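Engineer: Right, I'll just put the structure down here and ask away after.
The values are calculated or read from the model by the stated rules, or taken from the named source; none is laboratory data. Worth saying up front: this structure is predicted, and the values here are computed from it rather than measured. Positions of Cβ are backbone-derived with ideal geometry, glycine not excepted, and every protein chain shown enters the neighbour counts. SASA here: full protein model, heavy atoms, side chains in, ligands and nucleic acids out. Shrake-Rupley method; radii C 1.70, N 1.55, O 1.52, S 1.80 Å.
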Amino acid sequence: MRALRDITVPKVEQLGPADSGEFIYVDISSIDAERKRIVDPKRMQASEAPSRAKQRLRKGDVLVSMTRPNRNAVAIVPPELDGAIGSTGFHVLRAVDDVEPRWIFNAVQTKDFISAMEGLVQGALYPAVRPKDVQSFAIPLPPLESQIEAVAEIEKQFSRLDEAVANLKRVKANLKRYKAAVLKAAVEGRLVPTEAELARKEGRDYETGEQLLQRILETRRKEWKGKGKYTEPAAPDMADLPALPDGWLWASVDQLAEVVRGASPRPAGDPKYFGGDIPWITVGTVTSAEGKFVRAAKETLTTLGKENSRFIEAGTLLLTNSGATLGVPKISAIGGCINDGVAALFVHNESIKLYLLHVFDSLTESLRRINQGAAQPNLNTAIIRGIKVALPPEAELQRLLDEVDRRVSIVQGIEGQVDLNLARAERMRQSVLAKMFGGGT
């Protein structure tokens, strides 16, 4: 076993780019941590060079990101990037003459290397390891000819794995597109036979979406418990709206739900607000929840924190309204407090709540395009209330929800199998590396 410091040059040149002209810059964001490749090097003028643009790279250099080592953002410099400038956020491993660079490159992808670096992390907000931590890791070092033969075998096996993984990811992408198409068809009245069509065939009357909306509004008036006098919600602006199937009508979210934004205790981070037993539901809590329900929260508030936040009961429809992941809808299966990056939608009709969940799911990308944020993307409550919803008759709505659930459950089953196979591919990759370098799989 030899430490990496003993088989690599002590330090690469730290001269940065030339004083003038254009150069290619490789920083941590240039690395695809999953594919272990440099995918996005940046061209810039020397006058624009960031302070971290120091390390002069050569082909065959192995780049190891020292921040968040659990991501294992590593890559090998290809011939076309010989002479590029690397960030000082990398530790650069440049092999000595009797060591194959690709041998080192594969060694720093092993589970043993990742685990060793995770155990040496310093810092909480910006977890990182030091150059000496990377240099101290020891790997087996057979003769150069054996290294080259082993690397060729690894690359042959990885090539087959990469092809299989690419196929699995294509399946996932197709499933995502199919689910989006199902949701789009559902909210446009194209997924199930309309109530109007069935009523005509059966020679009967039916309740329209307009009648359903009137019942919803009557219920809200009767059950109003808010502050001040009840205000009739605004109808949608009907200009330039497409035609809907018979029996449907356009409604606004404001007519279907009471929209309230969450609130965060101030000053932020004050310990007297945190550490109690009340779930604290943030943007991250919502976006990381599996499926359509929020079932748990990592952080909690005290009673004082609750008084300075916004409490919601279990069963409330939530919508993220700030950050890069705005527009994500979930139903909270737990009672708790929501922060100001989350909006609550109080809906009196259970079918309407589930329907709005699907509506928002189908609109996520378009909502991100209309957000009103500046530095931080943001959906204010006025925008949410003004979102237009195509509302079907209630009988049709229930059939529609059943069909969406049936199709989405099939998609989720296939996605689960794909994820299992992707995890199996990663285990196989680590197994190949373990056979070459030793250690656990």
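Engineer: How do 322-328, 394-400, 265-271, 169-175 rank on mean C-beta neighbours within 10 Å, highest first? Before the final figure, lay out each step's value.
Structural biologist: Working: 322-328: 18.6, 394-400: 20.3, 265-271: 10.9, 169-175: 13.0.
Order by mean packing, descending: 394-400, 322-328, 169-175, 265-271.
Engineer: Let me ask you something else. Can you compute the helix-only [θ] at 222 nm over the chain? Use -39500 (n - 2.57) per DSSP H run of at least 4 residues, normalise by all residues, nearest 500 deg cm²/dmol. List each step's numbers first, then the result.
Structural biologist: Numbers: 13 runs with 176 residues, N = 441.
Value at 222 nm, helices only, nearest 500: -13000 deg cm²/dmol.
Engineer: If R₀ is 30 angstrom, what is the calculated FRET efficiency for the pair residue 130 and residue 15, using the beta carbon separation as r and rounding to 0.05?
Structural biologist: Values: r = 22 Å, r/R0 = 0.73.
Approximately 0.85, to the nearest 0.05.
Engineer: Can you tell me how much longer the chain between residue 115 and residue 366 gets when fully stretched, taken as 0.36 nm per residue apart minus their C-alpha distance, in nm with one decimal?
Structural biologist: Here the segment from residue 115 to residue 366 would lengthen by 86.3 nm.
Engineer: Separate question: Relative contact order for the range 280-361: what is it in percent, counting Cα pairs under 8 Å that are at least 6 residues apart? Don't skip to the end; give the middle numbers.
Structural biologist: Working: 143 pairs, mean separation 28.3, N = 82.
That works out to 34 percent.
Engineer: Out of 366, 51, 431, any idea which swings most in a Gaussian network model of the chain, alpha carbons joined below 10 Å?
Structural biologist: Highest fluctuation of the listed residues: 51.
Engineer: Hey, can you list the DSSP H helices of the chain whose Cα span along the axis is 15 Å or longer and whose average Kyte-Doolittle score is at least -1.0?
Structural biologist: Numbers: long enough: 144-187 (63 Å, -0.15); 209-222 (20 Å, -1.19); 350-370 (29 Å, 0.19); 394-437 (63 Å, -0.28).
Qualifying helices: 144-187, 350-370, 394-437.
Engineer: Report, largest value first, the span of the C-alpha coordinates of the range 142-205 along each principal axis, in whole Å.
Structural biologist: Rounded to whole Å, the extents work out to 86, 16, 10 Å.
Engineer: Separate question: If you average 1/r over all unlike Cα pairs in the range 68-165 and invert the result, what Kirkwood radius do you get in angstrom? The partial results should precede the final answer.
Structural biologist: Values: mean 1/r = 0.0660 Å⁻¹.
Answer for the range 68-165: a Kirkwood hydrodynamic radius of 15.1 Å.
Engineer: Can I ask one more? In whole percent, what relative contact order does the chain give with Cα contacts below 8 Å and a gap of six or more residues?
Structural biologist: Numbers: 747 pairs, mean separation 64.6, N = 441.
With pairs under 8 Å counted, the relative contact order is 15 percent.
Engineer: What is the spin-label model distance, in nm, from residue 295 to residue 181 if the labels are put 7 Å beyond Cα along the C-beta direction?
Structural biologist: 3.0 nm
Engineer: Here is a further query. HN-Hα J couplings of the range 324-340 from phi, Karplus 6.51/-1.76/1.60, θ = phi - 60°, integer Hz, Gly and Pro as x?
Structural biologist: With coefficients 6.51, -1.76 and 1.60, one gets 5, 10, 5, x, 8, x, 8, 9, 7, 8, 10, x, x, 9, 9, 7, 6 Hz.
Engineer: Please identify every one of the trypsin sites (Lys or Arg not before Pro) in the range 250-348 that sits in a loop by DSSP and has no more than 16 other beta carbons within 10 Å of its own beta carbon. Walk me through the numbers before you get to the answer.
Structural biologist: Numbers: sites: 261, 272, 292, 295, 298, 306, 310, 330; in loops: 292, 295, 298.
Those that pass, being in a loop and sparsely packed, are 292, 295, 298.
Engineer: What does a probe at residue 274 reach in the range 318-361, counting residues whose amide N is under 16 Å from the point 7 Å along Cα→Cβ?
Structural biologist: Zone members listed by number: 337-341.
Engineer: For the range 139-294, just say rounded, prolate or oblate: build the C-alpha gyration tensor, square-root its eigenvalues into a ≥ b ≥ c, call rounded for a/c under 1.5, and beyond that prolate if a/b exceeds b/c, oblate if not. Intermediate values should be presented prior to the final figure.
Structural biologist: Numbers: a/c = 4.26, a/b = 1.61, b/c = 2.65.
Taking the square roots of the gyration eigenvalues as a ≥ b ≥ c, the range 139-294 is oblate.
Engineer: With a/c under 1.5 counting as rounded, go ahead and sort the range 344-441 into rounded, prolate or oblate using the C-alpha gyration tensor (a ≥ b ≥ c being the square roots of the eigenvalues; past the cut-off, prolate if a/b is larger than b/c, else oblate). Walk me through the numbers on the way to the answer.
Structural biologist: Working: a/c = 4.30, a/b = 1.80, b/c = 2.39.
In terms of gyration-tensor shape, oblate.
Engineer: Compute the Kirkwood hydrodynamic radius of the range 13-90, taking the inverse of the mean of 1/r over all pairs of distinct Cα atoms, and give it in Å to one decimal.
Structural biologist: On the way: mean 1/r = 0.0811 Å⁻¹.
After inverting the pairwise mean of 1/r, the radius is 12.3 Å.
Engineer: How much area per residue is accessible in the chain when the probe is 1.4 Å and only protein heavy atoms are counted (Å²)? Kindly include the intermediate steps, with their values, before the conclusion.
Structural biologist: On the way: 22640 Å² over 441 residues.
On a per-residue basis, the chain sits at 51 Å².
Engineer: Sticking with this one: Taking square-rooted eigenvalues a ≥ b ≥ c of the alpha carbon gyration tensor, is the range 53-122 rounded, prolate or oblate, where a/c under 1.5 means rounded and, failing that, a/b exceeding b/c means prolate? Intermediate values should be presented prior to the final figure.
Structural biologist: On the way: a/c = 2.36, a/b = 1.37, b/c = 1.72.
Since a/c reaches 1.5 but b/c is at least a/b, the shape of the range 53-122 is classed as oblate.
Engineer: Please compute the modelled spin-label separation between residue 59 and residue 221, points set 7 Å along Cα→Cβ, answer in nm with one decimal.
Structural biologist: Rounded to a tenth, the inter-label distance reads 7.8 nm.
Engineer: If r is the Cβ-Cβ distance from residue 2 to residue 157 and R0 is 22 Å, what FRET efficiency results, to the nearest 0.05? Before the final figure, lay out the partial values.
Structural biologist: Values: r = 24 Å, r/R0 = 1.11.
The pair residue 2/residue 157 has a calculated efficiency of 0.35.
Engineer: For a quick size check, give me the Cα extents of the range 295-416 along its three principal axes, largest first, whole Å.
Structural biologist: Taking max minus min along each principal axis of the Cα atoms, the range 295-416 gives 44, 32, 32 Å.
Engineer: Give me the net charge of residue 217's neighbourhood, meaning all other residues with Cβ under 13 Å from the Cβ of residue 217; Lys, Arg count +1, Asp, Glu -1. It would help to have the intermediate numbers written out before the result.
Structural biologist: Working: positive: 215, 220, 221, 222; negative: 210, 218, 223, 232, 254, 258.
With Lys, Arg at +1 and Asp, Glu at -1, the net is -2.
Engineer: If the elastic network links every pair of Cα atoms under 10 Å, which of 253, 294, 129 fluctuates the most in the Gaussian network model of the chain?
Structural biologist: 129
Engineer: I've got another one for you. Per 0.36 nm of contour for each residue apart, how much would the distance between residue 40 and residue 204 grow if the chain were fully extended, relative to their Cα-Cα spacing? The partial results should precede the final answer.
Structural biologist: Working: separation 164, 0.36 × 164 = 59.04 nm, distance 6.22 nm.
Extra length available between residue 40 and residue 204 comes to 52.8 nm.
Engineer: Contact order normalised by length for the range 1-99, with contacts defined as Cα pairs under 8 Å and 6 or more residues apart; what percent is it? Kindly include the intermediate steps, with their values, before the conclusion.
Structural biologist: Details: 207 pairs, mean separation 34.2, N = 99.
Once divided by the residue count of the range 1-99, the mean separation gives 35 percent.
Engineer: How big is the gap, in Å, between the Cα center of the range 64-131 and the Cα center of the range 253-293?
Structural biologist: Computed from Cα coordinates, the inter-centre distance equals 37 Å.
Engineer: So what are the ³J(HN,Hα) numbers for the range 235-252, from phi and the Karplus equation (6.51, -1.76, 1.60; θ = phi - 60°), rounded to whole Hz, Gly and Pro as x?
Structural biologist: Calculated HN-Hα couplings, in order: 6, x, 6, 8, 5, 6, 8, x, 5, 10, x, 4, x, 8, 8, 8, 10, 9 Hz.
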